[in-house]
Each structure stands twice: as C-alpha cells, then as structure tokens.
Amino acid sequence: MNKVVLIRHGESEWNQLNKFTGWHDVELSQNGKNEAKKTGLLLKKEKFFFDCAYTSMLKRAIYTLQYILKKLNQPWLSVQKSWRLNERHYGALEGFNKNEIIQKYGYEQVLLWRRSFNISPPQIDIKDKRFPSNDIRYSNIDINELPKGESLELTIKRVVPYWEQCIYPQLKKRKKILIVAHGNSLRALMKYLNKIDNKKIIELEIPTAVPIILEFNEQCVPTKWYYLK
C-alpha cells in the first residue's frame with residue numbers, strides 16, 4: 001500500500017484578514033507557522049518519511065513545507081515547485097475583503113464565485129499588476145497559460161497534468177510523496193483522484209495544515225482517504 005500526503009498551507013496573514021488571496025504572495029501568520037510546526041510533529045509521531053515533496057510557487061506553501069521538513073529532520077529533501085500547484089486565481093477579487101465584496105455584489109453572487117464548480121470570478125486585464133506575467137517568477141511561462149481568474153474547473157485543468165506528468169510517475173516507483181499546496185489546488189487533486197461529484201467537491205473542506213492521507217493499492221489506484229489528526 002502506498003500513501004500520498006496532501007497538506008494545505010498554514011493560516012496566512014490574509015486568511016486572518018478575510019481577504020481573497022489567490023496568487024498574491026502573503027506571509028504565514030504566527031498561528032500558521034505554529035500550525036505547520038505542529039503538523040510536522042504529528043507526521044513525525046506517526047513515523048512518516050518522504051522521498052520527494054512538491055509545492056507551489058507561493059511562500060505560504062513553501063514555508064509551511066519547510067517547517068514540516070524541519071520537524072521531520074528532512075530539510076534536505078528534494079522539493080519541486082510549480083505554478084500549477086498555486087491556489088486558484090481569484091481574478092479581480094484578489095486583495096479585497098470578502099465582506100466588502102459581498103456588500104458590493106451581494107451574497108448570492110459571491111457564493112457562486114466562491115463555491116460553484118465552473119463559474120469564474122471577474123477576470124483581470126493582462127496589464128493589471130495582479131496578472132501573473134507581471135511577476136518575475138512566472139516570466140518564462142506562456143502568457144496564454146496564465147490565469148486571469150479561475151473557477152475550480154479551470155484550476156483542475158492545470159493541476160491534473162502536473163500530477164500525471166510529474167507526481168504520478170514517482171508514485172508508480174513506490175516513492176513516498178508529500179504535497180503542500182492550497183485549498184483549491186488540493187481540492188482539484190482530490191476530485192480527480194477520488195472521482196468526486198462536481199457538487200460534492202465544492203463542499204469538501206481542506207483545513208489549514210491538516211494532513212490528508214491518500215492510500216493507493218498496488219496498481220496505484222486510490223482506495224481510501226482520511227484526515228490525520
């Protein structure tokens with residue numbers, strides 16, 4: 001039996017402020033740092049050891065992974081970073097307080113943007129500073145691949161190819177894999193691997209810094225999953 005561990009980053013400063021974060025690169029809050037360290041200790045207690053790790057290009061996920069690996073005494077572990085594991089891009093909503101957006105557009109509309117499967121938030125212009133090509137870390141990526149605002153459906157379309165091309169081959173080699181990413185990029189993976197219905201996937205909770213254990217059989221087919229607490 002193989003296991004893959006998925007972990008959402010610890011609480012960020014913008015989580016605390018109730019802002020739409022998306023691809024904006026915010027720091028972990030002090031609570032988020034503590035969550036990450038606690039998670040590392042939990043994995044150590046359960047005797048987890050990893051052969052490789054994957055994370056996004058955003059420091060709240062990168063730092064969470066670093067805190068975890070330090071507690072596991074595996075700071076040397078090989079880590080691959082990809083924009084394809086970034087959080088869902090919230091388009092024109094990024095940077096705004098969620099309550100302010102509700103006051104402006106109404107609760108029902110905001111709920112559709114946040115929780116529907118295939119409805120994207122208002123998109124940004126490529127000249128907007130929030131468009132990823134204006135960030136040096138994404139400058140080598142085809143501008144047509146970079147998001148201006150994503151639904152969960154669009155997020156899945158960039159996450160799944162990364163799983164298939166980069167992570168799944170390691171699983172087939174029986175490597176022990178850790179993925180530290182974001183609520184929606186992990187939700188995208190969970191939907192794909194566990195064949196979760198479009199409506200039910202929206203309801204799936206991905207708590208900060210709580211490991212999700214995915215178990216696979218000898219044929220690398222997912223058999224069950226659970227939260228490690």
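Please determine whether any residue of the stretch 172-191 is in a helix (DSSP H, G or I), more than 25 Å from F96 (Cβ to Cβ) and over 17 Å from the mean Cα position of the chain (by Cα).
Yes, the stretch 172-191 contains a residue that is in a helix (DSSP H, G or I), more than 25 Å from F96 (Cβ to Cβ) and over 17 Å from the mean Cα position of the chain (by Cα).
Identify, please: which residue in the stretch 115-159 is aliphatic (A, V, I, L, M) and not in a loop (DSSP other than H, G, I, E, B) and is, among those, farthest from I206 (Cα to Cα)? Show your work before the answer.
Narrowing the stretch 115-159 to residues aliphatic (A, V, I, L, M): 119, 124, 126, 136, 141, 143, 146, 152, 154, 156, 159.
Next cut, not in a loop (DSSP other than H, G, I, E, B) only: 136, 152, 154, 156, 159.
Working: I136: 29, L152: 14, L154: 18, I156: 15, V159: 16 Å.
If we take residues in the stretch 115-159 being aliphatic (A, V, I, L, M) and not in a loop (DSSP other than H, G, I, E, B), then I136 is farthest from I206 (Cα to Cα).
Which one is farthest from Y192 (Cα to Cα) among residues in the stretch 111-144 that are among the β-branched types (V, I, T) and in contact with a helix residue (DSSP H, G or I) (Cβ under 9 Å, 6 or more places away or on another chain)?
Of everything passing the filter in the stretch 111-144, I126 is farthest from Y192 (Cα to Cα).
Only one of I126, I202, I136 is aliphatic (A, V, I, L, M) and within 17 Å of the chain's Cα centre (by Cα); which? Steps first, please.
On the way: I126 fails: within 17 Å of the chain's Cα centre (by Cα); I136 fails: within 17 Å of the chain's Cα centre (by Cα).
Step by step, each of I126, I202, I136 is checked, and only I202 is aliphatic (A, V, I, L, M) and within 17 Å of the chain's Cα centre (by Cα).
Return yes when L214 is part of a helix (DSSP H, G or I) and aliphatic (A, V, I, L, M) and no when it is not.
On the way: part of a helix (DSSP H, G or I): no; aliphatic (A, V, I, L, M): yes.
Against the criterion (part of a helix (DSSP H, G or I) and aliphatic (A, V, I, L, M)), L214 does not qualify.
Among (1) over 16 Å from the mean Cα position of the chain (by Cα); (2) within 21 Å of L6 (Cβ to Cβ), there is one condition E150 misses while meeting the rest; what is its number?
If we test E150 against (1) over 16 Å from the mean Cα position of the chain (by Cα); (2) within 21 Å of L6 (Cβ to Cβ), just (1) comes out false.
Of the residues in the stretch 30-69, how many are without any contact (Cβ under 8 Å) to a residue 60 or more places away in the chain, of a type outside the set (A, V, I, L, M), touching a helix residue (DSSP H, G or I) at 6+ places or on another chain (Cβ under 9 Å) and more than 19 Å from S12 (Cβ to Cβ)?
Of the residues in that region, 1 qualify.
Readers should treat all values here as calculations from the given coordinates under stated rules, not as data from a laboratory. All values reported here derive from a predicted model rather than from experimental measurement. For neighbour counting, all protein chains shown are included, and Cβ atoms are generated from backbone atoms with ideal geometry for every residue, glycine included.
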